[in-house]
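Every number in this text was worked out from the coordinates using simple rules, so none of it is lab data. Owing to the predicted nature of the structure, the values given are computational and were not obtained by experimental measurement. For neighbour counting, all protein chains shown are included, and Cβ atoms are generated from backbone atoms with ideal geometry for every residue, glycine included.
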Amino acid sequence: MGKRGQKICKFCDQINGARAYTCKKCGEPFVMKNGRIRYGKKPIQDWTTLKEGDCFRVLSRSGDYFIRQATGDKVHFATTGKYRVKEITYKDGQPHGLACWGLGGRTSGYYWLYMGEQEEPYEIGSVCVRSKHRLVRIKDPFEK
């Protein structure tokens, strides 16, 4: 049991402030007094903790990009928006990406997001590069 003004995470036993929405160590959200779960605005540190059905938002200026030949600038073409996890995909036994469903608007449909640690070109000599997406966990927009 934590002292006054503290709460303890059920998953990692980390002591957090009384007004914290998520654990500062593992990022797991706390259930608030009225039963709601509120997520912080910090990007997810360990994306492999996402489970099927979790919702997240892709931040702008992250993910796949191409290099503009004239200026050398990066132009990101990943679709920012809200998604729901379908499954984590693997390559050579290592987590490699997220298969997910878009939650409407510009992101309706099925998507695969690259989440590997190293940037890699689409093909040899290509100006397009796969890069890790930055994600923020959100509550389910269809849940009341």
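The 3J(HN,Hα) values that the Karplus relation (6.51, -1.76, 1.60; θ = phi - 60°) gives for region 67-78 are, in residue order, 9, 5, 4, 5, 10, x, 6, 7, 10, 6, 10, 6 Hz. Gly and Pro appear as x. Comparing ASP13, ASP92, ASP54 in a Gaussian network model of the chain where C-alpha atoms under 10 Å apart are linked, the largest mean-square fluctuation is found at ASP92. Straight Cα distances below 20 angstrom link LYS74 to the aspartates and glutamates ASP64, GLU117, GLU119, GLU120, GLU123, with same-chain residues fewer than 8 positions distant left out. In a DSSP loop and with at most 14 other Cβ atoms within 10 Å, the trypsin sites (Lys or Arg not before Pro) in region 20-96 are LYS24, LYS25, LYS33, ARG36, ARG38, LYS41, LYS51, ARG61, ARG68. When only alpha carbons of the chain are considered, Rg and Dmax amount to 17.8, 61 Å.
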